[in-house]
Amino acid sequence: MTDTGNVHESGRRRVLKMLSVAAGTTTLAGCTGGDDESGDGGAESSSSDGSSGGSSSGKHGGSMTFALGGSPTNLSYWQSYDTVTNNLTTQIWDSLLEYSEPDMELQPALAESWEAPDDTTYVYELREGVTFHDGSEMTADDVIASANLTLRDEAKSPLAWMFGAVDNFEKVDDYTVQVNMSEVDASFKYVPATTAWSVAPKSAIEEMGTDLAQDPIGAGPFQLEEWQSGNYVRISRHDDYWDGDLPYLDEAMFQVVPNGTSRITGMQNGEFGGTNDIPIDQLSVLDQIDDVELHTATSFQTSHLAFNCMEGPFSNVEVRRATSYAVDTQAITESTVGEYGSHATSMLPEGMMGHVTPDDLEYDGFPYDPEAARQLLDDAGFTGSPRFEATLMTPQDTVRQKPAVAIQQYLSEVGIDVSVDKVSYSTYVDTIWGEEDFSARPDMQMTLWASDYPSPDAIIRPLFDSEQLPPSNNWFGYQNEEVDQLLQQFKTTLDTEQRAQYAKQANQMVVDEAPGIWVFHPDTTKAFNTKFEGYNGQVPAFVTYFTTFLRDMYISE
């Protein structure tokens, strides 16, 4: 089970702190994200507070303008896997299950009930009368076709790994789907609550295939009205939505505003009704605005540097270890996130099964030691001036760009000449998942990962399993047969204590081989004009990325 702690008021700021996450099989999405500082863009907002209308009675009516920190490259569910895109796409696509907030319990969505009659079988009873945006009714055929679309090679889905243990999907009747597993997967129960298993009409899948990414037809509370790529996406209320009177808003405009300062200004002057991925160094500014409520939550995110372990100097494990010693991650944490995050020792945050402390590790988690770094580089034969040159790619948001620039400086002090390549958010996403040739990838990438569900195999399995190279999520190019075996044992074991042991052993090996530098775990953030109500507050990281947050929001009278 998960303990999310207490919600309390601090001025206008609503804070949710995670105290612990139990280490059981009954117990956050692998998403990247951030706010690009490269400039502005967008559509006209409908009023000075980012909203319009509102009915004279009840909660229905009106609109919101939500400032999005980057531009989505498509509107698919099978590639919707980052903190920018998911804020939008989860309003269009619904999945079989969802999470309650703030207690993170699985609950019905397109499936009204489910059971696991044995360790390798899951049965989902579908909700009858669900209508897609095209007017057709959802049945088991649609649910199965949607899962299979995620698994298609041409979909290039970074979420396909979630179905790795599935043998087949079986139609029991028009409203019952059975999943038959080829082996035990202790975390599969979480998959139907992710965008990996959102649902589209089978007829549309057969007609359009992956072109649905540009013209989505889902069963979510809102449907696509207009998309100006790089500028805005406008969605409108799905009048035949399955969940009672929801949604309340008539429409929403997701305006692309890459520059974090511009999003803060827009919230301050009432141009935007909401925003997310707020620059950490500006949270205190937003916190002081009277008509804005800031929501922050302890996260299962990690801001980290990924080495290219397959090509170039960082294919040498001793060079990676040397580089890790050269960087003062504690100082970067304090200067970048301060009170809005915590220092990282590995990809697994404190409170999650498999978490390690410096005492658990052969190299003590690589504390800042530039002399040790220089010695290891000498021993590896890199003795020139500079020792070598390297590229570091980063999107232009605070939680990645600021650490990237600091790392550049730290590495220069031990003789490594680093060129920082500050790219747009879309270029970053295309490189992370789209570039499968490691010889064409940068030497280092500054990135951010959030767990898909409250289990460590939602972090270490997609990132470090040898079979998960791009277009999946092992953008390190890290390969270790012992780690692979431990991850497989973790996946197929139900005993809690044994799973914890496998997770910790795998995490220890990964950290000691230094495929990356783990910097900090930043809090997740959202902010809304106080005119908008109905947002229940964030829960640790992963629910943020798979939550249809606009569905319950309305304009207060």
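Structure above, values below:
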| item | result |
| --- | --- |
| From phi via Karplus (6.51, -1.76, 1.60), per-residue ³J(HN,Hα) for region 276-287 in Hz, x at Gly/Pro | 9, 6, 6, x, 4, 6, 10, 4, 5, 5, 5, 5 |
| Cβ-based exposure ranking for Thr131, Thr333, Thr524, Thr383, in which fewest neighbours within 10 Å come first | Thr383, Thr131, Thr333, Thr524 |
| Residue exposure sequence - Arg234, Arg263, Arg441 - by fewest surrounding Cβ within 10 Å | Arg234, Arg441, Arg263 |
| Computed [θ] at 222 nm, helices only, for the chain once each DSSP H run of length n ≥ 4 contributes -39500 (n - 2.57) | -7000 deg cm²/dmol |
| J(HN,Hα) series, region 473-484, from Karplus relation 6.51 cos²θ - 1.76 cosθ + 1.60, nearest Hz, glycine and proline x | 10, 7, 6, 6, x, 7, 9, 8, 4, 5, 5, 4 |
| For region 435-447, Karplus couplings with θ = phi - 60° (6.51, -1.76, 1.60), whole Hz, Gly/Pro x | 8, 8, 8, 5, 6, 9, 8, x, 5, 9, 10, 8, 9 |
| Nonlocal amide H pairs with Gln479, under 5 Å, H built at 1.01 Å | none |
| Nearest-20 debye value, region 301-522 charge dipole, Cβ charges on Lys, Arg, Asp, Glu | 460 debye |
| Beta bridges by DSSP in region 301-522, antiparallel share as percent, to the nearest 5 | 60 percent |
| Bins of 5 Å from zero: percent of alpha-carbon pairs in region 301-522 | 1, 7, 15, 20, 21, 17, 11, 4, 1, 0, 0 |
| Relative exposure of His238, His355, judged by other C-beta atoms within 10 Å (fewest first) | His355, His238 |
| Share antiparallel - DSSP beta bridges, the chain, percent rounded to 5 | 75 percent |
| Residues with amide H under 5 Å from that of Leu68, placed H, sequence gap 5 or more | Gln255, Val256, Val257 |
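Just so you know, all these numbers are worked out from the coordinates, no wet-lab data involved. All values reported here derive from a predicted model rather than from experimental measurement. Counting neighbours? That spans all protein chains shown, and the Cβs are built from the backbone with ideal geometry, glycine included.
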